Amino acid sequence: MASFLFHLGKYIVLIWRVFSKPEKFSIYRKRLFEEMVSLGLDSLGIIVIISLFMGAVITIQTAANIDSAFIPTYTIGFTTRQSAILEFSPTIMALILAGKIGSNIASEIGTMRVTEQIDALEIMGVNSASFLILPKIVAAVLINPFLTIISMFVSIGGGYMIAMTTDIVNVSDYVYGIQLDFRPFHVVYSLFKTAVFAFLLTSIPAYQGYYASGSALEVGKASTRGVVYSSILILVANYVITQLLLI
């Protein structure tokens, strides 16, 4: 418990440093766009592939588990839409990104720490925490909601592809299920979760990398901790946000 409180306090102090004394915006502008490409657009391919097949799998599994004549077939489209919007696109994609970009963030900043590049920035009077971490957090919070929206459309499109190419569900029934009882608030809820998850999956690995010490082996351990801790906190935040906004 004492260790948890120690690291929690240290994390809060780091985040305070990140946002309390930022450098001039002109310094950040180029890095912000670079981080948007690195943390967001470079992950677009894997997000599209996973979303496409997950949408198809959800459709097939839903159809396979509907064995009652009293359950209409448009339930398949409805279930695929709800699964993609409420849980798969915001949460599962965040966990995937935590593994993909979280390790990169921790390794990058950790390497800079053990090679004394961060110390050099501090000597030059640069707020190293803000300079290194703030563009990553802002870039992820801005770009990840767009990736989530793309994931939603691709997932639902994967189910539509199954409807078109198989006889599991009629296309018109699938489309009707997608449109049935659509609530725009669910999209807002999903995008809000995505923004919170984006903050967690960048700031926590950054914290682990920023305070890494020792050799390259320690940087690797910091990278692993960053992925594990951010994934756990994403799941906890998912529960809390769902409890607050949907119940």
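Readers should treat all values here as calculations from the given coordinates under stated rules, not as data from a laboratory. Since the model is a prediction, treat every value here as computed from it, not as a measurement. Here the Cβ positions follow ideal geometry from the backbone for every residue, glycine too, while neighbour counts run over all protein chains shown.
Let me check against my output: what whole-number percent is the relative contact order of region 35-177, with C-alpha pairs under 8 Å and at least 6 apart?
Details: 132 pairs, mean separation 76.3, N = 143.
Result for region 35-177 is 53 percent.
Would you tally the net charge around residue 86, using a Cβ to Cβ cut-off of less than 12 Å, leaving residue 86 out, and scoring K and R as +1, D and E as -1?
Values: positive: 81, 183, 193; negative: 87.
Cβ neighbours under 12 Å give a net charge of +2.
Pop the C-beta distance of residue 46 and residue 119 into the FRET formula with R0 = 30 Å and round what comes out to the nearest 0.05.
Numbers: r = 35 Å, r/R0 = 1.17.
Calculated transfer efficiency: 0.30.
Identify the chymotrypsin sites (Phe, Trp or Tyr not before Pro) of region 139-247 meeting these criteria: DSSP loop state and at most 13 other C-beta atoms within 10 Å of the C-beta. Don't skip to the answer; put the middle values down first.
Values: sites: 146, 153, 160, 174, 176, 182, 185, 189, 192, 197, 199, 207, 210, 211, 229, 239; in loops: 182, 211.
Loop-located and lightly packed - 182.
Give me the angle, in degrees from 0 to 90, between the Cα long axis of helix 25-39 and the longest principal axis of the Cα atoms of the chain, rounded to the nearest 10.
50
List the relative contact order of the chain as a percent without decimals, with contacts defined as Cα pairs under 8 Å and 6+ residues apart. Kindly include the intermediate steps, with their values, before the conclusion.
Values: 326 pairs, mean separation 83.1, N = 247.
Relative contact order comes out at 34 percent.
Could you tell me which of 47, 111, 177 has its Cα farthest along the dipole of the chain towards the positive end, charges placed at Cβ (Lys, Arg +1; Asp, Glu -1), taken about the Cα centre?
111
Compare 136, 30, 221 in a GNM of the chain, Cα atoms joined below 10 Å, and give the one with the largest fluctuation.
Maximum fluctuation in the GNM of the chain, among the listed residues, is at 30.
Return the single residue from 145, 72, 90 with maximal mean-square fluctuation; model: Gaussian network over the chain, springs between Cα atoms under 10 Å.
72
Helix 44-65: angle to the longest alpha-carbon principal axis of the chain, degrees 0 to 90, nearest 10?
40
When the chain is treated as a GNM, springs tying every alpha-carbon pair under 10 Å, which of 51, 151, 26 comes out with the largest mean-square fluctuation?
Greatest mean-square fluctuation among the candidates belongs to 26.
Please compute the net charge surrounding residue 234, taking Lys and Arg as +1 and Asp and Glu as -1 over other residues with Cβ under 14 Å from its Cβ. Before the final figure, lay out each step's value.
Working: positive: 100, 193; negative: 87.
Surrounding charge for residue 234 is +1.
Let's test the formula: R0 of 41 Å, r as the Cβ-Cβ distance of residue 142 and residue 65. What FRET efficiency results, to the nearest 0.05? Provide the component values of the computation, followed by the final result.
Working: r = 38 Å, r/R0 = 0.93.
It comes to 0.60.
Report, in degrees rounded to the nearest 10, the 0 to 90 angle that the Cα long axis of helix 2-20 makes with the longest principal axis of the chain.
Taking Cα atoms only, the helix is inclined about 80 degrees.
May I ask for the longest run of the chain untouched by GluC sites (Glu not before Pro) that are loop-located per DSSP and have at most 16 neighbouring C-beta atoms (other than their own) within 10 Å?
Numbers: sites that count: 23, 116.
Longest stretch, sites excluded: 117-247.
State the extension gain, in nm to one decimal, for the chain segment bounded by residue 166 and residue 29, taking 0.36 nm per residue of separation less the distance between their alpha-carbons. Don't jump to the answer; show the numbers that get you there.
Numbers: separation 137, 0.36 × 137 = 49.32 nm, distance 4.84 nm.
Stretched fully, the residue 166-residue 29 segment lengthens by 44.5 nm.
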